[in-house]
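Have a look at the structure below before the remarks.
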Amino acid sequence: MVAYGPTLLAMALNLDGVHIFKEPKATYTGPYLSCFIFMLAVFVLLTHLDVYPCYFRKMWWCGDLIVQFLFAQLMYEYLLADFWFPVEEALSCLITHIVEVLDQWDQSESLKSILETLKCETTGIVCSYLLSCFFFLASLHITKVIDVRILDCGFCPFAQDIYERAEDFLITFLKNLGSMKSCSRPKKSKLKCNECPTTSCKKKNFDESEDDDSGKWEPPKKCGRRRC
């Protein structure tokens, strides 16, 4: 998974308009908050996506963070320039075209009032918010952060499930944060049994006698009972 730090940094750079790989060339830009919601959806996807395939070896931590940042920046720039802005513009143009066709097709007064409402700029803003919220909920569902299928049982079970998942995520996040702090401390090297500084842990071989100065070897004495 891509770490939170590089993903948040890439997200902040794109929100600030800093681009490395590709500049967006959109003629229509929707509300800023709608773009932010879509970038949150991309953030959820990136933090659940593996940068390296299973048969690749990971780099050291510094190089790994650089690769993750560049990967997140690349995904953000291309998804915004080649996906979000074109889809948002196409949706706005589609609504405008539908309103014009309906205006030419029916001249009734009741429909004209509705069409005049749809022609205003607020319609495109509302559609942009609906589209970004759809992508955000879809990203939460496909990454198994939430389960939208529980809505069939009602809103209260769905809200209870979200609360339990958020509680489990917070507990896991705090545990991982504590383990990262403990791993950053230098571990004391454990002394092996044969490296004990005070006492010798080696088992003595009682079948062998200690070496004498003369270097002669004597057979071990028998401990059996004497016969009468």
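Only the coordinates and a few stated rules stand behind these numbers; no lab work does. Bear in mind that the values here come from a model prediction, so they are computed numbers and not experimental data. Cβ coordinates were reconstructed from backbone atoms using ideal geometry, including for glycine residues, and neighbour counts include every protein chain displayed.
Computed extension gain for Met59 through Ile125, at 0.36 nm per residue and net of the alpha carbon distance, reaches 19.4 nm. Placing +1 on the Cβ of every Lys and Arg and -1 on the Cβ of every Asp and Glu, with no other charges, gives the stretch 4-145 a dipole of roughly 680 debye about its Cα centre. Loop-located chymotrypsin sites (Phe, Trp or Tyr not before Pro) in the stretch 39-106 (DSSP state not H, G, I, E or B) with no more than 16 neighbouring Cβ atoms inside 10 Å: Tyr55, Phe56, Trp60. For the stretch 4-145, the relative contact order works out to 42 percent when only alpha carbon pairs closer than 8 Å and six or more residues apart are counted.
Here's the picture: a label point sits 7 Å out from the Cα of His48 along the beta-carbon direction, and within the stretch 142-156 the residues with their amide nitrogen under 16 Å of it are 142-151. Charge tally for Ile95 (other residues, Cβ to Cβ under 12 Å; Lys, Arg +1; Asp, Glu -1): -3.
With 0.36 nm allotted per residue and the present C-alpha distance subtracted, the Ile162-His97 stretch has 19.5 nm of extension available.
Taking label positions 7 Å along the Cα-Cβ direction at both Val67 and Leu115, the computed distance is 5.8 nm, reported to one decimal.
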